[in-house]
Amino acid sequence: MGGGQDRHVIQMIANASLDVIEEVVRKDNAMYLKSVDKFNEWTVSAFITPGNMKFVLLHEGKNDEGIRAFFSDVWELYVKTTMNPFHTAHSGIRSTVFDTRVRASARKHL
Amino acid sequence: MEYHAFASLAHFRILLVPVGPISRATFDQWVAEIRTLENIRLSDIPPGTKDDKARFMPSPKSKGHLHLSFPSHPPPISHWPMSLFRPSHFPLGVIGIATCSQTDSLSSISAEFNAAVNDLFPNDSLYPLANNCFVFEEGDGTTNLNLGDHLPGLVIIPSMMGNKKENIETLLADLCSNILAEFSTVLNTLESPLGNEYLNGTLFPSLPLPSDLPLPLVDDEPESMSAIPSYNSQPELTMAGGLRTNTVPLTLKRNSSTGPALVSQASRRSTLGVPAANKKRHSGIGASSSHGRLFKVLGDFFILAGRTEDASVWYTEAIALFKTMPDNVWHASALEGLATVALLESWSSGQGLQASMSTSREPWADTSDKLEQAISLYAKSSPKADPDHHYDLLSYLYTVAVLRQSSLYFATWSAKGWGPLAFSALLHPGLTPYMPPTLAHSESNHPINLDRLSSISGISRAQISTILGQAHGPWLLHLGHRERIVILEMIAAMYSSLGYHRKEAYILREVIGCIMDLVVCGREEPGGVNNVGLAITFPGHSESIPLADKGAVGVKATERQDGNDSIVNLVKYVCKVHGMNLDSVKLINTTAKSTDDEASILLRGDPEDVAEDPYGWPELQIGIIREAIAVAEALPDPPTIAQFCLSALKSLHAVLTEEDQYYMYSVSSRALTDARRRGETRSVDYWSGQPIVSIELLPLSTLRLLVENPVTMLAAKRPEETGALPRLDPFLYNPRKSLTSQGRTLVVKDEPLEFAVTLRNPFVFDLELQKLSLSTSGVPFDSKPISVSIPAQSYHAIVIEGKPLESGILTVRGCRVQAPGGVSREFLLPLSTTEEEARMSQRRSAISCESGRSKYAGLESRPWSKAGKRISTVAEASLKNFIPRFLECKVVAEQPLLRIRWSSLTHGAVMLYDGEKSSFRLTLENVSSLPIDFLRLTFDDSTISPAQQALADGDLSVYDAYETEYELINRPVFSWDRAQETFELAPGKKIGIVITCMGKVGCSSGGIFIAYSHVHRRQTTLTQPSDVFHTRQISYPVLVTVYHMLECHGMDVLPLHRDDYCANDHSDEQSWKSLLRDVEDDGWCLFSIDVRNTYGLPFEITFERIQEGTPIASTTSLVAPGSTTRILLPVKKFLLPEEFATRAIPTLSNRQFVVDKASLTSAEQKAQRELFWYREELFKSVRGRWREAGGIRSGELSLRQQRLSLPMLEMLRTETAKVRMSLHQRTGEEGSTWDAVFRKDGKYRPKPYEYLYLRAQVTNLSNGPLLLSLDLTMEPSEHVIQEGFLSDIPLGRLDSGETQEIETPLCFVSCGRFEVGAEVRILGVRHEEGKVGMGVLRADVRDE
C-alpha cells in the first residue's frame, strides 16, 4: 500500500507472487505465464524454465510480446550460466556478463 | 474482532455492553449465551402495537428470519456519516448486561446503562433505535428482585429461571420488534420531501435533526407531506400519498411487489436535476431529488427486517433509478444489497440448490457479477470531488465490497462448492471465519488438499487471490488505522487459509507497520505528528521516527507484554516465511533458571558446520531483517532487538555485508546494554555458533609429569631386570594397550593445570566473549572464567588455568561461553574417537548427499521444514545410541617434587674409552612438603633403541639376538646401585646418588630418569588402597663420547702340547714359561687373539684366565698405537655335560617365542648349541682388560665380537675317551719287571730290535658307559713288527671313568722316528662320527 519505493518492498511483491506462480505451475504447462498476478498495482509475469527455475518480472504496462522475448533471452543466458560446472541451482549468479546482457535485453524488449 | 461477513448487510446488529459491576467472566458467559441466537424467526416477533409503525413488522405467518449479530463495540465515529447509507453497519439496538443481587441497586444500574448508551453514541445519531438492559440476578435467588414499573428498559432475569435461553430469545424478539417499529419512524421522516432532500443532499447523508425539520414533519402527520408539494414532482407526490395512507403500500408490499413496481414506473419519469447539482447544493433543502436513495434505504431496512422479497424489489427499483441518473456509490451499495438478498434466499430456500448446478453458469455467478459491478462502481466513485471528501469511507466501502466478493469465493471454495456449508459460512461466519472445517485439520495446508478443494468447487485459489488482491492498494492509506488493520488482517487471514503464505507475510508486514504507527503515535505527545499515510516508515531506514528522544524518559503506563509479544511474533512469522529464523537465537528467562534443560551442542554434531543449501533471497532477507529490527527498536524491546540482530548474524552472516554485520553487532550490543539497564529478566542465548574448536590439556612440565605404575613394581625385582630392555608385552598385538594409553592424563590435585582452548570467529568484527570457562564434571575444578576478544575472522588460542580440588576423575566436557549480556551456554566437545569420527563422517556424507538436491521447491524447501523430511532417520537413531567421550584427566593426590641440585658432570658430558667404567654423582633435593620414599632410576642411551629395534624386527639369528640382548642387559651404559631404592627423603633434605657409566662404542647420548614417589601414605579411609601408585620423574640428559681404541680379532684355539712348546728354544721368555708352568702334559689348549690399537695412545692389555681347577694366570702386553699384538694364553680343556651343552640358546628377555626361520637339521642345531655354550664357558674363563699406558684409566676388553668355530671347539673340548700310550721294555733277565722306556723331550728312545710292549690305556671320560674299540697306526709301518691286529681292538664296555689297558708287543726294526697313533671309536657308529679320542706316541729309535 505504501507506494513501494523501497527496493525490498518490490522484491517482497515479487517473492509473494511466487505463491500464485507455484499454484499455476502445478496445473499449467506453459513456460510463460503472462500477468499471472496483480498486486499493489504491479502486474507480475513469470517464466518457468523446465528445471523449475522461475523468472519473475514486475511491470506496470502491458507488453506481452516484449516480455516474452525478454524472458526467452534471459532463459538462454541462464542456460548458458548453468552450463558452468561450478554453478549449482542454489548459488547466485554473480557474472557481470550475465548482468549486462540481461540489461541489454531489457532495453531492447521492455 | 470485528468481522465483515458476506451477509453483513442483512445483519441485525445489537450491541452488547456491560453495565455496572460485572466481572469479565460473567459478561463473557452471557455474551456467549446470547450470541448463540443467530437467527430469529420472523414469526416469533411480536407484532407491533401501532399500525403506522407496523410497516416492517412481519406477519405472524411469514417465513423469513432476522439474522442477528452481536458486536461488542460500536463503529468508530468516523463512520457515522454512513448511518443512512448503510444501516446494517450500526447497532440497531443496545443490550446492557448487568448482574445484580439487590433491588435497590437497580436504579443505579439503569442510570449507568443510560449513561453508557449516551456515551457510546453521538447525540445526533440515529441509532440505537431501542435499548434494553438485561439484569441477571445473582445469588441463591432468595431475594426476589422486583422491578416494578418505575424503571423502563430494565429486564430482570431471575437466577432460578430454568430456561434462560428461551427467555432471552423472547426478550430479544421484543427488542427486535421495537426496532422494526422504529424503522418505520425513520422511514417516515425520510419519505417526507424534506427528508428526501436531506437524503440526496450529500454523498453520505444523515438524518436531519428533528429541530431542522419543519414542524409538520416532527408532528409526523401525514398531512405534512402535502404541505410541501411544490418540492416534489408528481411521482413523489403519489409516492408520498401512498406513504401517507400508509396501509396501502404496506399491504401491497407484504403480498407482492406490485406496489413498488407502480412507484417505480412513476419514478422513472424522473424530473430530478443532475446529481452533481445535488452535490453542490448539499445544504439546500427543497431541491427535487430522485427517489433512488430512498428506495435503497427501504431495501436496506427490508433486508434487515428479513423480508427479502421486498428488499429485492426495492433494490431493483433503486438500481433502475440509478442507471438513469448515476449515483455510483449508492448504486453499488444497492447491488451489494441485491447480492445479499440472493444469498439469503438461497440460504432460506435451503439446501436444495443442487438442481441449479446443472445450469451452464455457476450458481453464484450472478451474485458475483453484481458484486463485481459494485466494486467497479465504488472504484469509479473514489476520485469524486466531494467537498466532504469522505475518501476514507469510500475506500472503506470499496475494500469491504472487495472482501465481500472474495469471501463469497473463499467460502464457496472452502465449503467445497455452493451449498449449505457455504451459505452458513457466508451468513454466520462464527469466530474463526477463515478457518472453515475443511481447512481446520492439520494436513489442510498441504497443496494437494487445497487443490482438491479447488477442483471440487471449481474455483482456483489464484482466482480468489486475484479478487482479494484488488482490496490492497494505496487507497488503504485513506482509512483510519483501526479499519486498515482490520481489513489487512482479514486479507492476511484469507491468504493464509489459501496457503499463500508469502502474500500473507506481505500483508502482515503492513499490519505491523500500521500497528507500529499507532504505537509510536500513541507515545508521542498529543497533537504531535499526524502521520496519516506514513504507515510503512521505519526508523531503521529513514530517521523519520527518531530514536532521538534519548534524553526523555519513557514511562510505560501498563506493563503488559502481550501486545509487544504479539507484534514480535508477527515479525518473526514474516521473517520465517522469507526463510529466516529469528528464533535461532533464543531468549531465555534468567529468573527461572533451570540448569537441567540447558541446551548444549555437540561440537561437530552441530549441523551448522556443514554447509546447507542457502534458502531465500539474501537482499530481500536483509531488507526484512532491518525492518524487523526497526520494529523491535520502536517498541522498544531491547532483548528482542538483540535477538533479531544476533539471529540474523547467525543465520545470514554468509550473505551479510561487512557493514551490515558491524551494524547488527553494534545494535545488538547496545540493545543488550539497554536491557540490562532496564532490568530485563529475559536475555539472549549464546548465539555465535560453536566457537570452540579444540581443547587440549597442555602437557605438564617434564618435572611434574606423572607416571602410573602398578604396585607390584614396588616388590623387589630380579637384579638382572633393568629398564634397558623394552618392557615387552608377551603378545605382539595387544588390543588393550591402545585403550589404556589413550585419554586419561594424570594430573595432581591442587596443582595448576593449563588447557589450551582454540576459538574461532567467523565474523568480520571482533567477537567479545564475556565469560569463557571450562565445563567440567567429576571432581571440582577451580577455574576463573576469563573474558576474551576473538579477532575478526580468525582462530584464537587462549589458555585457561585451573586447579582440581580433589582426587578422582576430571572430565572436561567442553566450554561454557557467555556473550556480553547473554546467557551462558555450554558447548560439548567430545574426543575425536573413532566412533565420533565415524559418526561425523556419516553425518557429513548424509548432508552432502542431500545438499544441492532440490526435491522440494518454494516454502517447503525452507531449512526447517526440510529437516523433518529429509535427514534419514537411521542417522538419528545412531545418534541416540552414541555416548560421547570427553577429555578425561585422572587427578591423583598430592605428589612430592624433587629436583637435581648438583651434578658432578661438567656440562653433562662424559668421555670414555670403549669398555671404560666411570661414575658420577647427582645430588637430589626434595622441594615439596611430602617425604619421598621411593626412588627408581631408569636409563636410556642411544644404543638401546637401535638394538631394541633390531630385536623387534626379529630378523636376527638366535645367536645374534642373544648377543644383542646380552649387550642390553649385562652391559648397560648406565647403572646404579639399587640398594638406594628404598629410603626416606624428608621434605627439604638432599641425597646423593652415584651412577656408573660404561663406555660402549656407538653410544652418543643417554638419559637418566629418576622416578620418585611418596608411596607409603597414611590411609585416610578404610577403602582398599588402589593397585597403582604414581611417580614423578626427573630426567637428566648426559652426552656420552666413547673412543674406540682397541680391536680384538682373530680369536683362535690351538692344540697345546707342553713338550712341543718347552722344546722350542725361542720361547724362553720368562712370562711364557711361567704360563706354561701349570700346564700338564695334555688336556690343555692355547687361546690366542689379536689385539690392535687403533687409537693414538699405547695401551696395556691383560688377559686373565680364571678357570676352575687351575691357578689364575694372566698375560700382559703393551700395544703401541697402530700395532697389533697377539695374545696367547693356555686354557685347560673342558667338557660340558651333554645335557648342558645342548640346551636351547636362551632368550634373556621375555619376548614372544617366534618360530625359527632358519630350518636347521637336528645335528646342525646341536652343533650350533654346543658352539654357543662352549663359547660362553670360554668367555667366563678368559677375560681381557686394558689399561692406559702411563695413566689410570682402565677398562674391560670385550671378546663378545669373537666367534668360535668348529675346529676351535674340537680343540677346546676335552675328548670323550682319553688314550695314553707308553712303551715298556725288560731291561734285565727273563722275569724281571717291565720298565718304561727312557723318555726325553716327550719322546721315547727305544732301541731297535728289542721287544717292546706298547701299552695303551683308554679311559672313558664321558659321563656314561661306552662300548669302545681301538685302532692303532704305526708309521712307518714297514719298519715295525707287531703281534696281533692293530685295528678294531675291542675294549668292551667301559663305565664312566673306567680304564682299560691294551698291550701290544712290537719291535722297531730300524732306527729313526716313529709315530704310533691310537684312535678310540665307539662301536656301532659310523666311522667318522664314532671317533671319540686319540693319542699319539712318538719314538725316536736310536741304536746307541
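Sorting check: for B:319-331, B:403-415, which peptide has the highest mean count of neighbouring beta carbons within 10 Å, and how do the rest follow?
In descending order of packing, they fall as B:403-415, B:319-331.
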Ranked list, fewest to most other Cβ atoms within 10 Å of each Cβ, for B:T745, B:T1124: B:T1124, B:T745
Whole-number percent relative contact order across region B:454-517, with pairs defined as alpha carbons under 8 Å at least 6 apart: 29
Region A:55-110: Cα Rg divided by the 2.2 N^0.38 Å rule of thumb: 1.20
D_trans [Stokes-Einstein, Kirkwood Rh over alpha-carbon pairs] for region B:1215-1341, 4 °C, 1.567 mPa s, µm² s⁻¹: 86
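Could you list, in their original order, any pairs among A:K54/B:K503; B:K586/B:K855; A:K38/A:K108; A:K27/B:K370 whose Cα atoms are separated by more than 19 Å?
B:K586/B:K855; A:K38/A:K108; A:K27/B:K370
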Square roots of five times the Cα gyration tensor eigenvalues for region B:802-847, Å: 28, 20, 5
Most fluctuating residue given options A:I48, A:I93, A:I13, as computed from a GNM of chain A linking Cα atoms under 10 Å: A:I93
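How large is the dipole of region B:779-839 about the Cα centre if only Lys and Arg carry +1 and Asp and Glu carry -1, each at its Cβ, rounded to the nearest 20 debye?
240
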Burial ordering of A:H59, B:H428, B:H907, fewest other beta-carbon atoms within 10 Å first: B:H907, A:H59, B:H428
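Can you sort B:S88, A:S105 by how many other beta carbons sit within 10 Å, fewest first? Mind dumping the intermediate values first?
Values: B:S88 21, A:S105 18.
By the 10 Å Cβ count, ascending: A:S105, B:S88.
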Length-normalised contact order of chain A in % [C-alpha pairs under 8 Å, at least 6 apart]: 18
Binned Cα-Cα distance frequencies in region A:7-109 - 10 Å width, integer %: 14, 45, 37, 4
Cut-off 15 Å between beta-carbons: net charge of the residues surrounding B:Y1043, Lys and Arg +1, Asp and Glu -1: 0
Neighbouring partner chain Cβ atoms per residue of B:452-460, average, 10 Å criterion: 1
Trypsin sites (Lys or Arg not before Pro) within region B:1188-1271: DSSP coil, no more than 11 neighbouring Cβ in 10 Å: B:R1203
FRET efficiency, 1/(1 + (r/R0)^6) with R0 60 Å, evaluated for B:N449 and B:K164 via beta carbons: 0.90
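No lab work stands behind these numbers, since they all come straight from the coordinates. None of these values were measured; they are calculated from a predicted model. Heads up, the Cβs are rebuilt from the backbone with ideal geometry, glycines too, and the neighbour counts pull from every protein chain shown.
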